Structure formats: C-alpha cells, structure tokens
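Some notes on the structure that comes next.
Every number here is computed from the coordinates shown, using simple stated rules; none is lab data. In this text, all values refer to a predicted model and were calculated from it rather than measured experimentally. Using ideal geometry, Cβ is built from the backbone for each residue, glycine included, and neighbour counts are taken over all protein chains shown.
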Amino acid sequence: MRLLHFSPTKTLLSLTAVALTACAPLAPSSGRPSPEMLQTLSSSALPDKPSALQSQQWLDRVTWGATDHDAARLQQQGLKRWLAAQLSPSSEPMPAEVQQHIDALGISQKPMVQIQREIAEQRLAIRNSQDPEEAAKLRSELQRQLNQLGAEAQKRQIWRALYSPHQLQEQMTWFWMNHFNVSTRKGDVRLWVADYEERAIRPHALGKFRELLTASMRHPAMLLYLDNASNAAGRINENYARELLELHTMGVGSGYTQADVQAMAHVLTGVGFSTREADAPPPKLRPERQGDYVRHGFFEFNPNRHDYTPQVLLGKPLEKSGLAQVNEAIDRIVASPVTAQFIARKLSVYFLGDKPPPAVVDHVALAFERSHGDIAATLAALLSDPQAQQFGQRFKDPVHYVLGATRLAYDQRVASDVSPVQNWLNQLGQPLYGHETPDGYPLAQSDWSSSGQMNARFDVARQIGSRGALLFRNSPQQPLEKPPYPELDKRSSVQARLPALGTATRTALAQARNPADWNSFFLSAPEMMYR
C-alpha cells in the first residue's frame, strides 16, 4: 500500500392512481439469498471467523465504514453468513430515531405526484403574475423549494449510509446513482432526484441489472438530464443513446459504432414521461398505433413521438416495434459479453482499487453473464475471489472518507443534523448528486489525492474529531454543547487497527497533546485514506 505524506496541521384525488403506482411504499426485500450466491460463499476460502483487523478490513470494504457495532455483528454471525445477509438484505428496519428524522423530511411526507403538482402550480403563478416584483419573489421561493428538495435527498442518503443495517445496499445505491448519474445542477433534476434514488435505483441496487437499467431509463430524472424527453421522430437527440452505450452498459471502445448510437437514438424516440392526471385520456393516436401507447406512473411511451423505421443494432436488425423494440434493444445490449466485462471491471475498481487483477475481472464478468446480470450474485463472486483478498488498495473518495470517519467516530449515536456532513462533502469537492457530467464522480486515486485535497481532509478530520456537537444539535441556531470528544483510542475498531499503523502515524499519535488532536491525527492518517 502506498502511503500519502502525513501532515498533522386533491391528497389530490385526480392523481390517486399515479400516486399508487409511482409513490406507494416499496415492498420489503425477501432477504433470501439465492442458492447460487450461497454456493459461491459457502464454497469459498473466506475465513468464517476473521481476526479483529480482518474484520475491520471487511467492514471498510463492504460497508460505509467500520464501527464497533457492526464489528460485533460480523463476529457473531461469521463472515460468510454476514456477507450473505448483506447481499440479501432483510426487512430489518432502520433504527427508530433515524427513521423519525427521515420521516420528518418533506420528501417523505408528500408523494412525488403531489410535490410535482405543487411546483407546477407555482410556475403557473409566476407566468400569470402581472407584477414584476411579485413574480421575482415567486421565482425566488420556487428556487428555494427546489434547492430544499435536493438537500433533503442528500440528507436522507446520509442518514441511511450512516445508520442503515443494510450497509452493502447503501453502498451499491450510491454506486449505481454515480453510474447512472444525474446532476441536480441541471434543470428540474432537483425536483426528481429523491424519487429517482428511491424508485429507480435503490430497489434494484442488489437485483437484476436489466431491471435497474430499465428503471433508470424510464424515470423523469434521467429522461430530463440526458434529454430523451425531447427525443422524437424528426427531432432526434442522441445524448441518452450515446451515454447508455458508453457509460451505462458497453463502455467506450467496446466495439459499438456511431451507427449504433444513431440507431439507439431512433429506438428511444417516444420514451418519455407525463405529469398529466392519471385519468387523463391518452394523446390522439392513429388507430393502428393506439395499442402501442403505454403509461405507467410518470413513464409514458408515446407512439406519436416514436420513429417506426427499421433499425439495425450491433450488427443485427431489430425485429420488433414500439416499446417492444426498446425492450429488444436493451436485452441485446445487456446480454452482450462486453457489457458484462464493463460492469465487472467497474465493480472491481470500486471495491478493490484502480488496477484490479484481470483474472478477478474475468471471474466477475463470468458470474454476471451466468446469473443473467444478477448484481448480488456478481458481487458474491467478486468478494469471495481468492485474488481479491488484498485490502487497503482502494483509495477513499471524499464520500467514503467522510462517511467512514463519521461512522467510526460516533458509531450508533444518531446525528440529529447531518448538514455538517453535507458541508464536509462540499468542502472536499464531492457533493451528493453534484457531478455535472454524466460520467459520474471519478473513482481513481489520482483524482482525489492532491495536496490540496489532503489539507482539506485534515481540516475535516479535525472537525469530525473535535466538533461532533455540530451533528447533534436540533437546529443550527442551537448553542454548541461542550462535548466530551469521542474517545477513539478506546474504540475496539480503532484498537484493532493500531498494530497496522506506520511509524510516522504512531509518532504523530504519541505527540498528540489532547484527545481532539489524537482524533484528528488518527482520522487524517495515511492509512485511513484507504479501504
């Protein structure tokens, strides 16, 4: 492991049907591991009772960061059973105090259809206003509400990442949100991002890749972000088609051509969304196209916008038409071996490091193919591969660093205000949903290991280690308590790591003048930059 230089310094009645399909509570996972996954784990050479240090390494890899609480659970269950539980999350609830905070958010209290309608009504009021001063105030209030929707989505994700018992599901939700990236800095994505994560990404984060890709493709956030909402016959927009092939499935240089991008753009015409009432009649259609119209929640396939000309994709004609043609194209892309290889490599980089062993990538790609894109089965193959048992080579990007340090410092003590975590992520250059381009935040160490980043991380480490009271105020206006600093040196999760620390880190810790300094030095140590 290469160490970095250390420095201590109507509800809407007319919309009920849409609300039921687009905003109803999600069914809990069955929590039953597949036989293939169990076979993969049970036949692996993984240690069932890892050492204390190994437990920390596994927790840092699979969760958002090790805690004493999760270390005890891993030891109690054994590594293989614990991994199986993480890969097939049960319906175990969020800690009650955390759930109360999430339930208090506006995005939890209103269905998406109501949120969308209220924003639409505000825009109508702005257009109808005859008073410039009043219109300016209305526009300002609209922007405030849109910003709040984006901020609440961030807070919900942070609370879940810090405290959810389903840590791998949370990790993979972030991974897929970054993979199928949308940015709240574009247009109305702020309005839709919470629903996108909740409805399109989270339910499929450990499920089938085909279903995950389709859910993303059908959601207004993605359709707006990559402009497919305006992609129509005679007005072709290639943005989404290009990124679907380049970033979401096959990868650049994998063999598809510009002709395939153009064909996919034609295939995707008509794939859009509608915010009309659920009982609104469909658009006027020619009789032979009426059976092609599809509306499910906000998703709409409109035959009037679809290009029905024949298309050839990846060297073969597409035989179907309408939405069936879209599904045929997606099936062909997902089944391609280059898609398996692309997803396998990205997963391997995410969990192992910038240069995963090629044999591991091939093994993971084979698992992806054999399981028909089952994400949990693919991850079981990755995590249990004998060549993937080297730890401490995946450099932490800011979100892993900040969340991991916060979890380690405060464990199960529930933060009532997570806005400091939002601020720390902003300070380190990785705000949630903030990457403007569709490639998502980079994962490579070189993107996050500059001297400026390291100096900023030391400052964040000092705040986490000595100003934790910021997290436990009921409001930002409440005076800060004079807290006892977290006694990191007494945590079993920290004690387990001490023997593996380098000489420079040990020397710095020995020179700490007080608990706050010790915490800051430990959390900013070079060894804490890797997982």
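Once Rg and the Kirkwood radius are both taken over the C-alpha atoms of the range 69-146, their ratio Rg/Rh works out to 1.34. Taking the Cα atoms of the chain, the ratio Rg/Rh between the radius of gyration and the Kirkwood radius comes to 0.98. For the range 393-441, what does the alpha-carbon gyration tensor say about shape, rounded, prolate or oblate, given a ≥ b ≥ c as the root eigenvalues, a/c under 1.5 as rounded, and a/b over b/c as prolate? Verdict is oblate for the range 393-441. Take the alpha carbon atoms of the range 439-465, find their center, do the same for the range 281-332, and report the distance between the two centers in whole angstrom. Between the Cα centre of the range 439-465 and that of the range 281-332, the gap is 45 Å. Each principal axis of the Cα cloud of the range 457-531 was taken in turn, and the coordinate range along them, longest first, works out to 42, 22, 21 Å.
Here is the size of the range 339-391 from its Cα atoms: Rg then Dmax, 9.5, 29 Å. Excluding residue 311 itself, calculate the net charge of residues whose Cβ lies under 15 Å from the Cβ of residue 311, where each Lys or Arg counts +1 and each Asp or Glu counts -1. After counting each charged neighbour, the total is -3.
Projecting label points 7 angstrom from Cα along Cα→Cβ for residue 372 and residue 262 puts them 3.5 nm apart. Shown for the range 174-287 is the translational diffusion coefficient from the Stokes-Einstein equation, using the Kirkwood radius over Cα pairs, a temperature of 10 °C and a viscosity of 1.306 mPa s: 105 µm²/s. Secondary-structure-derived ellipticity at 222 nm for the chain, considering helices only, amounts to -15000 deg cm²/dmol, per-run term -39500 (n - 2.57) for DSSP H runs with n ≥ 4. In terms of its C-alpha gyration tensor, the range 398-529 comes out oblate, because a/c is 1.5 or above while a/b does not outweigh b/c.
Listed by chain and number, the lysines placed with their C-alpha closer than 29 angstrom to that of residue 396 are 49, 80, 155, 186, 208, 346, 355, 490; residues fewer than eight positions away on the same chain are left out. Overall dimensions of the range 149-229, expressed as equivalent-ellipsoid semi-axes from the Cα gyration tensor (√(5λ), whole Å, largest first), are 20, 16, 8. In plain terms, the C-alpha convex hull of the range 71-202 casts an average shadow of 9.5 nm² when viewed from every direction. Taking 0.36 nm per residue of sequence separation and removing the Cα-Cα distance, the residue 276/residue 140 pair yields an extension gain of 46.4 nm. For the pair residue 128 and residue 456, label points projected 7 Å from Cα toward Cβ lie 4.5 nm apart.
Taking max minus min of the alpha-carbon positions on each principal axis, the range 47-87 gives extents of 21, 19, 15 Å, largest first.
Multiplying the residue separation of residue 73 and residue 446 by 0.36 nm and removing their Cα-Cα distance gives an extension gain of 130.8 nm. Charge tally for residue 81 (other residues, Cβ to Cβ under 12 Å; Lys, Arg +1; Asp, Glu -1): +2. Using a simple spin-label model with pseudo-atoms 7 Å out from Cα toward Cβ, residue 290 and residue 389 lie 6.5 nm apart. Overall, the chain carries a charge dipole of about 520 debye about its Cα centre when +1 sits on the Cβ of Lys and Arg and -1 on the Cβ of Asp and Glu, all other atoms neutral.
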